[in-house]
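What follows is a structure written as structure tokens; I'll ask about it next.
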Amino acid sequence: MLEITASNSKRLVIVSGRAHQALAEEVATLLNTSLVPTTAYDFANGETFVRYEESVRGVDAFVIQSHSSGINNWIMEQLLMVDAMKRSSAKRITVVAPFFPYARQDKKHKGREPISARLMTDLFKAAGANRIMSVDLHTPQIQGFFDGPVDHLWALPMLADHVAERFGNENLTVVSPDSGRVRVADIWAERLGAPLAIIHKRRDPDRPNQVEAHELVGDVKGRTCLLVDDMIDTAGTIVAAAKALKDNGAARVIVAATHAVFSKPAVERLSSGVVDEVIVTNTLPITPDKQFDNLTVLSIAPLIAAAISAVFGDESVNKLFPGHA
């Protein structure tokens with residue numbers, strides 16, 4: 001009688017799109033592996049082609065793509081990579097999107113608008129994704145848009161530890177740049193043992209990337225103010241808030257954010273002297289034209305690597321965030 005046996009041992013595979021391969025390579029190195037060789041290019045009409053150069057049958061695959069400028073191209077590339085994994089018989093496919101695409105469009109502000117963040121999760125599911133992993137989603141409810149597990153990673157502990165090391169001896173005040181960030185800012189304040197201040201702002205939904213800072217709630221005079229946010233796009237919100245703080249007597253303004261989108265004219269605004277220091281992570285590629293003297297970049301790779309290791313080993317991801325599980 002012929003007996004058929006299988007080892008059933010799991011194999012971890014990491015693949016990367018072209019948007020931010022340096023981050024994926026750092027993650028792979030931390031996990032003592034290397035990226036699967038992948039061919040990817042664009043046809044003359046803009047169509048994207050991807051192919052894995054070795055077998056991925058039965059693997060536990062993590063498809064990493066950072067959705068930087070040219071976001072629609074990178075979304076399409078990641079969808080094709082997921083589809084290629086599914087059609088190559090990967091056992092489980094996890095989409096790793098350090099900066100989740102279209103996360104700001106998580107609800108309808110007016111009638112006849114899409115909920116684009118929901119569409120993104122639907123597309124990943126249709127392509128064949130079993131799981132999604134991301135860092136500091138713009139709003140937590142995006143986790144509920146995907147029909148499957150979502151690992152929502154926090155950059156806050158890493159950023160807060162850096163701030164505590166650099167500025168822990170100063171009179172810190174944590175500042176929320178708007179009412180929507182108060183809950184996160186409160187967690188920052190509790191972790192750093194600092195008071196909390198809030199800036200009330202008003203934004204016109206018909207004028208994107210434009211904001212006017214209004215009244216300040218809290219005492220900031222003579223203090224080092226830490227503005228915290230999930231992303232910096234054109235830096236309009238941050239700079240308006242920093243000006244309001246300086247006008248109210250703040251000694252220094254430090255900004256900490258996870259995602260450095262840095263669309264024009266963010267670099268000019270942030271390096272104009274209104275903000276004293278900017279601390280971000282490398283969830284998105286920070287090219288030479290987006291770098292400036294008062295910018296500090298922390299690597300998110302150790303956090304992503306630790307989360308991938310936990311998922312692959314069927315362990316809890318929450319253990320990475322003690323006190324917040």
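The values are calculated or read from the model by the stated rules, or taken from the named source; none is laboratory data. Computed from a prediction, not measured in an experiment: that's the story for all the values here. Methodologically, a virtual Cβ is constructed for each residue, glycine included, from the backbone with ideal geometry; neighbour enumeration extends over all protein chains shown. All accessible areas refer to the heavy atoms of the entire protein, side chains included, with ligands and DNA or RNA removed. Shrake-Rupley method; radii C 1.70, N 1.55, O 1.52, S 1.80 Å.
Against the conditions (1) assigned to a strand (DSSP E or B); (2) touching a Gly at 6+ places or on another chain (Cβ under 6 Å), where does LYS86 fall short? Just the number, please.
For LYS86, the exception is condition (1).
Between a first residue in the stretch 57-80 that is at negative phi and of a type in the set (S, T, N, Q) and a second residue that is open to solvent by 10 Å² or more (accessible area, probe 1.4 Å) and at pLDDT 95 or above, which pairs have beta carbons less than 6 Å apart while being 6 or more apart in sequence or on different chains?
Listed by first residue and then by second, the contacts come to GLN65/ALA19; GLN65/TRP74; SER66/ALA19; SER66/HIS20; SER66/PHE99; SER68/ALA19; SER68/PRO285.
Of all residues in the stretch 133-151 being open to solvent by 10 Å² or more (accessible area, probe 1.4 Å) and closer than 13 Å to THR258 by Cα, which is farthest from the chain's Cα centre (by Cα)?
HIS138
While we're looking at this one, here's another question. Within the stretch 291-309, identify whether any single residue is surrounded by 13 or more Cβ atoms within 10 Å (Cβ to Cβ), in contact (Cβ under 8 Å) with a residue 12 or more places away in the chain and among the charged types (D, E, K, R), and answer yes or no.
Scanning the stretch 291-309 turns up no residue that is surrounded by 13 or more Cβ atoms within 10 Å (Cβ to Cβ), in contact (Cβ under 8 Å) with a residue 12 or more places away in the chain and among the charged types (D, E, K, R).
Could you list, in sequence order, all residues of the stretch 116-158 that are closer than 17 Å to LEU303 by Cα and hydroxyl-bearing (Ser, Thr, Tyr)?
SER134
I've got another one for you. Touching a residue at least 60 places away in the same chain (Cβ under 8 Å) and either within 20 Å of ALA250 (Cβ to Cβ) or out of contact with any His (no Cβ under 9 Å at 6 or more places or on another chain) (or both) - does that describe any residue in the stretch 140-148? Please lay out each step first, then the result.
Filtering the stretch 140-148 down to residues touching a residue at least 60 places away in the same chain (Cβ under 8 Å) leaves none.
The answer is no; no qualifying residue exists.
From the residues in the stretch 48-80 that are in a loop (DSSP other than H, G, I, E, B), open to solvent by less than 30 Å² (accessible area, probe 1.4 Å) and among the hydroxyl-bearing types (Ser, Thr, Tyr), which one is farthest from MET133 (Cα to Cα)?
As a first pass, look at the stretch 48-80 and keep what is in a loop (DSSP other than H, G, I, E, B): 53-59, 65-70.
Narrowing the set further to residues that are open to solvent by less than 30 Å² (accessible area, probe 1.4 Å) leaves 56, 59, 65-68.
Filter once more, keeping what is among the hydroxyl-bearing types (Ser, Thr, Tyr): 66, 68.
Details: SER66: 12, SER68: 17 Å.
Per the criteria, the residue is SER68.
So is GLN78 under 23 Å from GLN141 (Cα atoms), more than 14 Å from the chain's Cα centre (by Cα) and not β-branched (Val, Ile, Thr) or not?
Values: under 23 Å from GLN141 (Cα atoms): yes; more than 14 Å from the chain's Cα centre (by Cα): yes; not β-branched (Val, Ile, Thr): yes.
Here the answer is yes, as GLN78 does meet what is asked.
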